[in-house]
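Here the structure is laid out as structure tokens; the discussion comes afterwards.
Readers should treat all values here as calculations from the given coordinates under stated rules, not as data from a laboratory. Note that the structure is predicted; figures quoted are calculated from it, not measured. We place every Cβ from the backbone using ideal geometry, glycine too, and count neighbours over all the protein chains shown.
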Amino acid sequence: VIEEEDLEDPLWELEMALLQSDVEMQVAEEILDTIRGKLIGETRKQVQSTGQLVSEALHDALYEVISVGQFDFDQRIAEADKPVTLIFTGINGVGKTTTIAKLARYFEKQGYSTVLANGDTYRAGANEQIREHADALDKKLIAHEQGGDPAAVIYDAVEYAEAHDIDIVLGDTAGRLHTSNDLMAQLEKIDRVVGPDLTIFVDEAVAGQDAVERARQFNDAAAIDGAILTKADADSNGGAAISIAYVTGKPILFLGVGQGYDHIERFDPEAMVERLLGDEE
Amino acid sequence: MVLDNLGSSLRGSLDKLRGKSRLDEDDVQEIVKEIQRSLLSADVDVSLVMDLSDSIKTRALEEEPPGGTSARDHVLKIVYEELVGLIGESTEIPLESQTIMLAGLQGSGKTTTSAKMAWWFSKKGLRPAVIQTDTFRPGAYDQAKQMCERAEVDFYGDPDCDDPVQIARDGLEATADAEVHIVDTAGRHALEDDLIDEIEEIESVVQPDLNMLVLDAAIGQGAKEQAQQFDESIGIGGVVITKLDGTAKGGGALTAVNETDSSIGFLGMGETVQDIERFEPNGFISRLLGM
Ligand SMILES: Nc1nc2c(ncn2[C@@H]2O[C@H](COP(=O)(O)OP(=O)(O)OP(=O)(O)O)[C@@H](O)[C@H]2O)c(=O)[nH]1
Ligand SMILES: Nc1nc2c(ncn2[C@@H]2O[C@H](COP(=O)(O)OP(=O)(O)OP(=O)(O)O)[C@@H](O)[C@H]2O)c(=O)[nH]1
Ligand SMILES: [K+]
Ligand SMILES: [Mg+2]
Ligand SMILES: [Mg+2]
């Protein structure tokens, strides 16, 4: 029978391994509590070591967190009334604009037409950046002058899509930190005025402990339907995936794996668990 | 004292020492655990946290508190000294002619920081110029140009050239009048061999006096590998932490300083060109410990 003290060392090591993989501390502790609760009092088979039991339990617990809410994204898009409006939110520099460009290509391959909307009316060079992507991808871009109302831009794009039979609207937003009350209020307004079909939260795989805090606050401001984790090519940890799925209860949908238009992959929860567990061996 | 306003759990365990003049092993163990928790939640590298907490523990048990010092103040002093020992003072930035190159991960804040630093130098009475060598990111030229207009500083870039090394060379010539040259580079990460080669080439043409690694305050444990790689390729003499106006603690910068044997020079606190501060160790240590 497994006693509490048998678990102390293996669980401590696991906690360090999870932190090493950038799983947020409180999330890691809650996952370990689940494992502790499951294992105490269990009888261990002759052939199993406590370590083995713990690592199986960890695999299951991580899978449960990371596979939360997974839905068939392609089917959701296929079945939705057109135009489908997607809005991308997230903090500064995580890769929102690049992800939109990648998805324009992704949707094109599936036979959908898209229009891009530049809801980033703030940052220097934002219009030029997304314009260059739109030109390279041969997509229509709706953009206003710098300083304009972001909700109005995306709203215009939805109207354009309706008038021109475009399937999908990809609405960009300016990067913002969750500590800026004004900008978070602006995000709420965009969400309210546009009423997107899907709000996609973008964050980066290299993010550490803060991933939980921002996912929570962005989800509060404009409820998210799923997340995309970029820059997975720069990082073998990816614990941010666990943190985000855990606090939002919403699925990770795609991974960004480079700067090219084809550098986007459907998220595979099992592969991510393998990656997380592989690290610590 | 500097560390008086501690995070609540750390304060809780320290408060138990009130009135004590000597520490036993259990007291120290409890405090060390809380310090570990604070540093780990701040994204400091796991093994660095363990090394730090080992030295704190050893010193707290072995060193005799000076007469009249309470056990609590003694521990606080040790924690502070250990952290200051690692972080050190702000990177020395002489107010004279020099060339600084910025490097770092995609989206970490290099372009914004180059305009901010130029603004900072101009306020110090020097004449700066920013050279934008990023030929890859769409809109990079316009972004840097507009930021430099806002900062009212000289700018060089060439949207028609796709060779960053050439732009760097031409840019230094074209801005020869400027006293401080700040060279912005495209984003790249440690595993992109081609791009790492590229920045080594830019560096050999620019011959900067200082290479600074620009790190997002929210970067996780990956900070170590990134810092190692950039230091190996171009040699990192200073770190800039950006996006500190958020809730991230910036512990990755501590890891980077440790890996590159350098120091922190500037902090980014917002999106406008004025949102830059020189690094100051006390405030940063307070943030790391969750105050
Ligand atoms: N390596 C890598 N780089 C990426 C990935 N996705 C985006 N990037 C890069 O990250 C940087 C920032 O990307 P953007 O798309 O501008 O990010 P953003 O979130 O729109 O930024 P703001 O609008 O300024 O908030 C660019 O250099 C991109 O090329 C990815 O999956 N991998
Ligand atoms: N809130 C805040 N945002 C910042 C700060 N520094 C940079 N940013 C924002 O972060 C995003 C990325 O900044 P950039 O300067 O484009 O980053 P970069 O490293 O040049 O990006 P690449 O060239 O694509 O690698 C932009 O939205 C900036 O406005 C900061 O200190 N605080
Ligand atoms: K160095
Ligand atoms: Mg953007
Ligand atoms: Mg840049």
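A few notes on this one:
- Here the simple spin-label model places points 7 Å from the Cα toward Cβ, and for A:Gln52 and A:Phe71 these points are separated by 4.1 nm.
- Straight-distance crosslink candidates among aspartates and glutamates, where the alpha carbon sits under 14 Å from B:Lys20 and sequence neighbours closer than 8 are dropped: B:Glu64, B:Asp73
- Summarising the strand pairing of the protein assembly as shown, around 10 percent of its internal DSSP beta bridges are antiparallel.
- Cα-projected label distance for B:Thr69 with A:Ala78, points at 7 Å along beta-carbon direction, nm: 7.0
- Protection proxy ranking for A:263-270, B:69-76, using the average of other Cβ atoms within 10 Å per residue and placing the highest first: B:69-76, A:263-270.
- For B:131-140, mean number of other protein chain Cβ atoms within 10 Å: 4
- A straight Cα-to-Cα reach below 15 Å connects A:Lys140 with the aspartates and glutamates A:Glu108, A:Glu128, A:Glu132, A:Asp156, A:Glu159, A:Glu162, A:Asp165, A:Asp167, A:Asp172, residues fewer than 8 places away in its own chain not being considered.
- Scalar couplings 3J(HN,Hα) for the range B:219-235, obtained by applying the Karplus form with A = 6.51, B = -1.76, C = 1.60 to θ = phi - 60°, are 4, x, 5, x, 3, 4, 5, 4, 4, 4, 5, 5, 5, 5, 6, 10, x Hz; x denotes Gly and Pro.
- Across the range B:206-212, coupling constants 3J(HN,Hα) worked out from phi with the 6.51/-1.76/1.60 Karplus curve, θ = phi - 60°, read 6, 6, x, 6, 8, 9, 10 Hz, and Gly and Pro carry x.
- Separation of alpha-carbon centers, the range A:194-273 and the range B:76-99, rounded to whole Å: 35
- If R0 equals 25 Å, the separation of the Cβ atoms of A:Glu274 and B:Ser47 corresponds to a calculated FRET efficiency of about 0.60.
- Sorting the Cα pairs of the range A:94-246 by distance into bins of 10 Å, from 0 upward, gives 11, 40, 37, 12, 0 percent per bin.
- Note on A:Lys250, A:Lys38, B:Lys124, A:Lys96: ascending count of other Cβ atoms within 10 Å places them as B:Lys124, A:Lys38, A:Lys250, A:Lys96, the fewest first.
- Computed over chain A with a Gaussian network model linking Cα atoms closer than 10 Å, the most mobile of A:Gly119, A:Gly111, A:Gly258 is A:Gly111.
- Distance histogram in 10 Å bins (all Cα pairs of the range A:182-223, percent per bin): 26, 52, 21, 2
- In a reduced charge model with +1 at each Lys and Arg Cβ and -1 at each Asp and Glu Cβ, the protein assembly as shown shows a dipole moment near 1560 debye about its Cα centre.
- Interchain or long-range residues, amide H under 5 Å from A:Ile91's placed H: A:Arg176
- Applied to the range A:265-270, the Karplus parametrisation 6.51 cos²θ - 1.76 cosθ + 1.60 on θ = phi - 60° returns per-residue 3J(HN,Hα) values of 10, 5, 6, 10, x, 5 Hz, with x for Gly and Pro.
- Amide H within-cut-off set for B:Val180, under 5 Å, with H built and near neighbours excluded: B:Gln98, B:Arg127, B:Ala129
- Listed residues B:Gly222, B:Trp120, B:Leu244: farthest to the positive end of the dipole of chain B (Cβ charges): B:Leu244
- Within the same chain, aspartates and glutamates fewer than 8 places from B:Lys77 are excluded, and of the rest, those with a Cα less than 12 Å from its Cα are B:Asp4, B:Glu63.
- Spin-label model, A:Asp135 to A:Lys45: label points 7 Å out along the Cα-to-beta-carbon direction sit 6.4 nm apart.
- Unit charges on C-beta of K, R, D, E only; dipole of chain A, Debye: 960
- Within the protein assembly as shown, helix-based [θ] at 222 nm, where runs of 4 or more DSSP H residues each add -39,500 (n - 2.57), nearest 500: -15500 deg cm²/dmol
- When the C-alpha to C-alpha distance is required to be over 18 Å, the pairs from B:Lys116/B:Lys145; A:Lys82/A:Lys189; B:Lys16/B:Lys249; A:Lys231/B:Lys224; A:Lys109/A:Lys139 that qualify are A:Lys82/A:Lys189; B:Lys16/B:Lys249.
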